[in-house]
Amino acid sequence: MAVTKTVPPEVIAQAVSCGLTLFGENRVQEALPKIERFPQAEWHLIGRLQTNKVRAVVSRFALIHSLDRWKLAAELQERAKQQGQTVRVLVQVNIGREPQKGGVLPEEVPDFLREVAQLSHLRVEGLMAIPPAACDPEEARPYFRAMYQLFRSIDIPGIEMKTLSMGMSADYVVAVEEGANLVRVGSLLFGERS
Ligand SMILES: *Cc1c(COP(=O)(O)O)cnc(C)c1O
C-alpha cells in the first residue's frame, strides 16, 4: 500500500499513472477529497478513527485497519446497518503494549474478535500493528513474529484471517520476512514528510 498522508493530489496522480492501485490515509478529513478525486483506486483507513467520523467512512474506505475498541465496533455496526453496508476491518493490536498507542492488547484479541464476530455488518479480515519505534528494523522483528503467531492462532467461527498489515518504510522487509502480507509504505515512495 502507498501511504499518501500529506501527499498532494498531483503526486498521487503520478503514483496512479505508475500503476499503484492501493492507497492508505490516516486522517478521514484529508482522505475524503482524495478518494473523490481518485475513485478508481482502493483506499484504506490506517489511522485512529473517532466515533464521530464513523458516518463519513462507511462505504468510502474499502478496509479500515484501525478497529481498536468495542465502542468503535458498535458504532460502525450501527452506521453500516443504517446504510445497508458491510464494513471490512482489521483489528489493530498494541503489540508493544505502549500506553500512548491505540490497539487491543494481544491477550485480549481472541475475546474481542469473538464479540466483533457477532456484529452482522462488520467483517473482520485480519490484524494490523505498528511496533514500537526503533532505530534498527531488527528491533521490530520479535513484534512482527508475535503478530504472525497471533494471526495464525485465531480460530473463530465467522472470522477469516486473511490480511496481516504490518511494516512501514523503515522495516517492511523484516515485516515481510515475518509474515506480513500487506505493508504500508509512505516516505520511501514519496519522500520524507515535513
Ligand atoms: C504514516 C503511516 C505509515 C507509513 O509510514 P512511512 O514510515 O512513511 O512508510 C504506515 N502506517 C501508518 C499507520 C501510518 O500512519
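All but one of (1) open to solvent by less than 30 Å² (accessible area, probe 1.4 Å); (2) away from the ligand (no atom under 15 Å from the Cβ); (3) not acidic (Asp, Glu) hold for GLY84, so report the exception by its number.
Single failed check for GLY84: (1).
Considering every residue within the range 137-144, establish whether at least one is within 16 Å of the ligand (Cβ to nearest atom) and at positive phi. So that I can check it myself, show each step before the final result.
If we filter the range 137-144 for residues that are within 16 Å of the ligand (Cβ to nearest atom), which is where we start, we get 137, 139-140, 143-144.
Narrowing further to those that are at positive phi: none.
No - not one qualifying residue is present in the range 137-144.
Restricting to the range 145-172, and then to whatever is within 14 Å of the ligand (Cβ to nearest atom) and touching a helix residue (DSSP H, G or I) at 6+ places or on another chain (Cβ under 7 Å), can you tell me which residue is nearest to THR86 (Cα to Cα)?
LEU164
For the range 173-194, what are the residues that are of a type in the set (D, E, K, R) and within 12 Å of the ligand (Cβ to nearest atom)? Can you show your working first?
First, pick out the residues of the range 173-194 that are of a type in the set (D, E, K, R): 177-178, 184, 192-193.
Across the range 173-194, the qualifying residues are ARG184, GLU192, ARG193.
So is ALA180 open to solvent by less than 10 Å² (accessible area, probe 1.4 Å) and either more than 21 Å from VAL57 (Cβ to Cβ) or more than 17 Å from the chain's Cα centre (by Cα) (or both) or not?
No; evaluated as a whole, the condition is false for this residue.
Does PRO157 count as out of contact with any strand residue (DSSP E or B) (no Cβ under 8 Å at 6 or more places or on another chain), open to solvent by less than 50 Å² (accessible area, probe 1.4 Å) and of a type outside the set (A, V, I, L, M)? Let's see the steps before the verdict.
Numbers: out of contact with any strand residue (DSSP E or B) (no Cβ under 8 Å at 6 or more places or on another chain): yes; open to solvent by less than 50 Å² (accessible area, probe 1.4 Å): no; of a type outside the set (A, V, I, L, M): yes.
Taking the combined requirement at face value, the residue does not satisfy it.
Need a quick list: helices (runs of 4 or more DSSP H) entirely within the range 1-64 having at least 1 residues that are open to solvent by 30 Å² or more (accessible area, probe 1.4 Å) and modelled with pLDDT of 95 or more.
On the way: elements: 9-17, 28-37, 54-57.
Once the helices (runs of 4 or more DSSP H) in the range 1-64 are filtered for at least 1 residues that are open to solvent by 30 Å² or more (accessible area, probe 1.4 Å) and modelled with pLDDT of 95 or more, what remains is 9-17, 28-37.
Do we find a residue being at positive phi and within 16 Å of the ligand (Cβ to nearest atom) anywhere in the range 2-9?
So the first thing to find is which residues in the range 2-9 are at positive phi, and the list is 6.
After this cut, where a residue has to be within 16 Å of the ligand (Cβ to nearest atom) as well, the list is 6.
So far as the range 2-9 goes, yes, one or more of its residues are at positive phi and within 16 Å of the ligand (Cβ to nearest atom).
If you take the residues of the range 104-135 that are more than 13 Å from the chain's Cα centre (by Cα) and within 15 Å of the ligand (Cβ to nearest atom), which of them is farthest from GLN77 (Cα to Cα)?
Once the filter is applied, the top-ranked residue is CYS135.
With (1) assigned to a helix (DSSP H, G or I); (2) crowded, with 17+ Cβ neighbours inside 10 Å as the list, and GLU139 as the residue in question, which single condition is left unmet?
(2)
State all residues of the range 114-136 that are touching a residue at least 40 places away in the same chain (Cβ under 8 Å), hydrophobic (A, V, I, L, M, F, W, C) and not in a loop (DSSP other than H, G, I, E, B); if no residue qualifies, say none.
Listed by number, the residues that qualify are VAL116, LEU122, VAL124, MET128.
The values are calculated or read from the model by the stated rules, or taken from the named source; none is laboratory data. Computed from a predicted model, the values in this text were never measured in an experiment. Quick reminder, even Gly has a Cβ in these numbers, built from the backbone with ideal geometry, and neighbours come from all protein chains shown. These accessible areas exclude ligands, DNA and RNA; they are computed on the full protein's heavy atoms, side chains included. Shrake-Rupley method; radii C 1.70, N 1.55, O 1.52, S 1.80 Å.
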